[in-house]
Amino acid sequence: MRIGELATRTGVSIRSLRYYEEQELLSSVRSASGQRHYPDSAVDRVGFLQRMFTAGLSSRTIVELLPCVDAPSTDTSDAALERMLQERDRLSAHITDLIHTRDALDQLIATNRAHRDSLHTVAASAAGCV
């Protein structure tokens with residue numbers, strides 16, 4: 001199938017499919033005129049790639065996981081599991097950092113609110129409303 005059909009069947013943009021090829025996540029055969037042609041199995045491959053991206057994995061990490069998909073064995077499965085656990089730890093650390101950042105922002109918001117409240121009180125006193 002050509003790239004447009006693969007895009008239609010998977011719901012993935014042509015641009016994304018080209019990117020997948022550039023990153024060596026997906027492969028095609030070129031016709032004499034240079035058009036990309038994909039096997040029917042490319043639909044499942046793109047679905048797999050989409051699930052990996054949805055899980056927060058980078059294309060570089062996905063390339064590291066592909067041996068488990070392309071040549072399943074105990075070794076490739078163990079390596080893939082270890083790599084996914086590393087990515088989970090990385091994401092957990094990032095989430096912790098984001099929580100700390102949000103907490104710091106919450107403190108700034110509270111300070112701003114307190115300052116605004118004091119300004120309203122001063123303005124109301126000056127107007128003789130208190």
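The values are calculated or read from the model by the stated rules, or taken from the named source; none is laboratory data. Keep in mind it's a predicted model, so treat the numbers as computed, not measured. Every residue, glycine as well, gets a Cβ built from its backbone with ideal geometry; the counts of neighbours run over all protein chains shown.
When the range 24-56 is examined, which residues are found to be under 15 Å from residue 70 (Cβ atoms) and in a loop (DSSP other than H, G, I, E, B)? Correct list: 24, 25, 26, 27, 39, 41.
Pairs are defined by a Cβ separation below 9 Å, a sequence spacing of at least 6 or placement on different chains, a first member in the range 119-130 that is surrounded by 11 or more Cβ atoms within 10 Å (Cβ to Cβ), and a second member that is at pLDDT below 70; the pairs so defined are 121/130; 123/129; 124/130.
Count of the range 67-124 residues, restricted to those that are over 30 Å from residue 42 (Cα atoms) and either within 19 Å of the chain's Cα centre (by Cα) or polar (S, T, N, Q) (or both), is 15. Being surrounded by 15 or more Cβ atoms within 10 Å (Cβ to Cβ) and under 30 Å from residue 95 (Cα atoms) holds for only one residue in 6, 26, 57, and it is 57. Of the listed requirements (1) farther than 20 Å from residue 63 by Cα; (2) out of contact with any Phe, Trp or Tyr (no Cβ under 6 Å at 6 or more places or on another chain); (3) touching a residue at least 40 places away in the same chain (Cβ under 8 Å), residue 1 misses just one: (2). Annotation note: of 78, 89, 117, the sole residue that is modelled with pLDDT under 95, acidic (Asp, Glu) and assigned to a helix (DSSP H, G or I) is 117. In the range 57-75, of all residues being in a helix (DSSP H, G or I) and hydrophobic (A, V, I, L, M, F, W, C), the one that is nearest to residue 12 (Cα to Cα) corresponds to 62.
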